[in-house]
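The values are calculated or read from the model by the stated rules, or taken from the named source; none is laboratory data. Note that the coordinates shown come from a computational prediction; the quantities given were computed from them, not determined experimentally. Reconstructed Cβ throughout: ideal geometry from the backbone, glycine too, with neighbour counts over all protein chains shown.
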Amino acid sequence: MKTKNVIDLTDLSHQELTDIIKLANEIRERPKEFGDVCKGKILATLFYEPSTRTQMSFQTAMLRLGGSIIGFDNPQNSSVSKGESLKDTITVVGGYADIIAIRHPSEGTAAAASMYSAAPVINAGDGGHLHPTQTLTDVVTLYNEMGRLDHLTIGLCGDLKNGRTVHSLIKTMSTFKGNKFILISTPELSVPQYIKDIINASECDYEEIGSLTEAMPGLDVLYMTRIQRERFASEEEYKKQNGVFVLDKEKLKAARKSMKILHPLPRVDEIDVEVDYDERAKYFEQTVYGMYGRMALIMTMLKNTDRTPDPRVYPTHPFRCSNPNCISRTEKYLPGIFREAGGDMLLCRYCEGRTLI
Ligand code: CP
């Protein structure tokens, strides 16, 4: 694999991604053959935000490959609670571990961490930005359940504004020809403009719609998501959005027999439990595909022996990113690095937020 770090799944070429999916399937079919391939290697899981699946599936993946694990699942139990910076934590852990998976509530954290880590860094979720290994989970599931990653009509429903799994999935699936995204949300929780720009620049298409019932008959895949309560400014605003889209048996009557239902989980109440028994529901199988995907990713990344932090040397700007949730707003030593986005617009290289100059 050419890239040392996985900040965004589109860091990987199609060939690299396909190789990882195939390796995940080989491990699933013959797990014993892979039981000690990471013997002597250490994975650090640094979770500044709660997690069940991502953290445990990374840990299970490394243990099933014969490796060991270190880390924290609550930064208050680490020296972060004493005010240690991201830079210092990562510099130290990068010297202990062979590979790091990091989750953080601020957008752009994994990219920032890669600047100081000798060990390769995997983005395990950065605020509302991206979640590439959930997307790996999703593409392993789609490859096995649909038989292809192109020419699919994919409905994405729920919190498309704050749902990092949605952003990552669209970014990756829009690199495959002929996919169509049906974006099902309220106007307040619609997908960010930068994601629409990515679809517009691809060989894919999208449509925005406010009704799950109307969208249902045309879908190959329905990707449900929860409303991300923790990303709302107030409980009142969250309550206005929660419960607008609920998938139940009645709504499923209009869906194709072949449609697959995915969800990154955790579920709150956007899928009725009775749907769990419908053969189209694949969200629990999806979690298992994800573990094999992460095993394959760890194996592949550990082949790269480069221990040099990624300097991310770009022309710096005197501006700060205007996204209040960008990591560069709290870790003040980070240089302001941007990409020109046309006109007076800059795109932050940590969080992809737009800044008007
Ligand atoms: N899908 C996902 O990221 O779940 P967790 O938050 O439990 O890791």
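Just the residues that are in a loop (DSSP other than H, G, I, E, B) and in contact with a Lys or Arg (Cβ under 8 Å, 6 or more places away or on another chain), please, taken from segment 47-64.
First, pick out the residues of segment 47-64 that are in a loop (DSSP other than H, G, I, E, B): 48-52.
Within segment 47-64, Y48, E49, S51 meet the criteria.
Only helices (runs of 4 or more DSSP H) wholly contained in segment 100-174 count here; list those with 3 or more residues that are surrounded by fewer than 23 Cβ atoms within 10 Å (Cβ to Cβ) and away from the ligand (no atom under 16 Å from the Cβ). Lay out the reasoning, then the answer.
Numbers: elements: 109-114, 132-146, 164-173.
Helices (runs of 4 or more DSSP H) meeting the threshold: 132-146.
So which residues in segment 70-99 are in a strand (DSSP E or B) and buried (at least 17 other Cβ atoms within 10 Å of the Cβ)?
We begin by selecting, within segment 70-99, every residue in a strand (DSSP E or B); these are 70-72, 99.
Within segment 70-99, G71, F72, I99 qualify.
Looking at T89 and the list (1) under 20 Å from K4 (Cα atoms); (2) touching an Asp or Glu at 6+ places or on another chain (Cβ under 9 Å), which single condition is not satisfied?
(2)
Do we find a residue being touching a residue at least 60 places away in the same chain (Cβ under 8 Å), charged (D, E, K, R) and within 16 Å of the ligand (Cβ to nearest atom) anywhere in segment 86-97?
For segment 86-97, residues touching a residue at least 60 places away in the same chain (Cβ under 8 Å), charged (D, E, K, R) and within 16 Å of the ligand (Cβ to nearest atom): absent.
Please go through segment 132-171 and give me each residue that is in contact with a His (Cβ under 8 Å, 6 or more places away or on another chain) and either free of Cβ contacts under 8 Å to residues at least 24 places away in the same chain or of a type outside the set (D, E, K, R) (or both), ordered by number.
So the first thing to find is which residues in segment 132-171 are in contact with a His (Cβ under 8 Å, 6 or more places away or on another chain), and the list is 164-165, 167-168.
Matches in segment 132-171: T165, H167, S168.
Counting just the residues of segment 27-46 that are in contact (Cβ under 8 Å) with a residue 24 or more places away in the chain and assigned to a helix (DSSP H, G or I), which one comes out surrounded by the most Cβ atoms within 10 Å (Cβ to Cβ)? Quick ask: steps written out before the conclusion?
Step one: list which residues in segment 27-46 are in contact (Cβ under 8 Å) with a residue 24 or more places away in the chain, which gives 27-28, 31, 34-46.
Among the residues that remain, those that are also assigned to a helix (DSSP H, G or I) are: 27-28, 31, 34.
Details: I27: 23, R28: 18, P31: 13, F34: 19.
Checked segment 27-46; the qualifying residue surrounded by the most Cβ atoms within 10 Å (Cβ to Cβ) is I27.
In this structure, is P50 surrounded by fewer than 18 Cβ atoms within 10 Å (Cβ to Cβ), within 16 Å of the ligand (Cβ to nearest atom), in contact (Cβ under 8 Å) with a residue 12 or more places away in the chain and within 22 Å of A118 (Cα to Cα)?
Details: surrounded by fewer than 18 Cβ atoms within 10 Å (Cβ to Cβ): yes; within 16 Å of the ligand (Cβ to nearest atom): yes; in contact (Cβ under 8 Å) with a residue 12 or more places away in the chain: yes; within 22 Å of A118 (Cα to Cα): no.
No, not satisfied.
I'm told K2 meets every condition in (1) over 30 Å from I195 (Cα atoms); (2) modelled with pLDDT under 95; (3) of a type in the set (K, R) except one. Can you identify the failing condition by its number?
Here K2 clears every test but (1).
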